[in-house]
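Contents: one structure, followed by commentary.
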């Protein structure tokens, strides 16, 4: 999966969850089967973790944004390199941030 498609999918999932849940924030974790270089085995690993805030995503013009640029509007963990692709990141937890950090 490329970077743009991953981010677009995260936004779609976030919007859908916020449409059916009363919460103001949802955490989205994108997972992929990646090589664990310590064990030599493929493992399901987090490649992107994002806190999608209702107010923030509602304020975006989804038809005109650049997904990569707009990702900076959200608290997230993601490590993508053009030469290597996605790397493993720590999933966000509600305990990782205070409520005033997300708008």
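The values are calculated or read from the model by the stated rules, or taken from the named source; none is laboratory data. Note that the coordinates shown come from a computational prediction; the quantities given were computed from them, not determined experimentally. Note that we place each Cβ from the backbone using ideal geometry, even for glycine, and neighbour counts take in every protein chain shown.
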Does segment 17-27 contain any residue that is in contact with a strand residue (DSSP E or B) (Cβ under 9 Å, 6 or more places away or on another chain) and under 20 Å from residue 80 (Cα atoms)?
yes
Looking at residue 16 and the list (1) surrounded by 11 or more Cβ atoms within 10 Å (Cβ to Cβ); (2) touching a residue at least 24 places away in the same chain (Cβ under 8 Å), which single condition is not satisfied?
(2)
Considering each of 39, 4, 9 in turn, give the residue that is surrounded by fewer than 16 Cβ atoms within 10 Å (Cβ to Cβ), modelled with pLDDT under 95 and touching a helix residue (DSSP H, G or I) at 6+ places or on another chain (Cβ under 9 Å).
4
